[in-house]
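Working notes for the structure below.
Every read-out reported here was derived from the displayed coordinates using simple, explicitly stated rules and does not represent laboratory data. Computed from a predicted structure; not experimentally measured. Backbone-built Cβ (ideal geometry, glycine too); neighbour counts: all protein chains shown.
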Amino acid sequence: MRTAPSPARGRRRRAVLAAVGAAMLTGIFWAYLQPGFIVDLANRIYLCF
């Protein structure tokens, strides 16, 4: 029979997921502040079609 996960493990997992999410959002925000990056990304996507 399986035991329930400990509350500390759940809090740690939630903290790790929150940190990963915050890092991803920070990276996306930083990328949008770089106009050349956005133009290059748009050109790369456009050239795929």
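Within the range 28-39, being of a type in the set (Gly, Ala, Ser) and surrounded by fewer than 10 Cβ atoms within 10 Å (Cβ to Cβ) holds for one residue alone: 36. Of the residues 18, 42, 8, the single one that is exposed (fewer than 10 other Cβ atoms within 10 Å of the Cβ) and in a helix (DSSP H, G or I) is 8.
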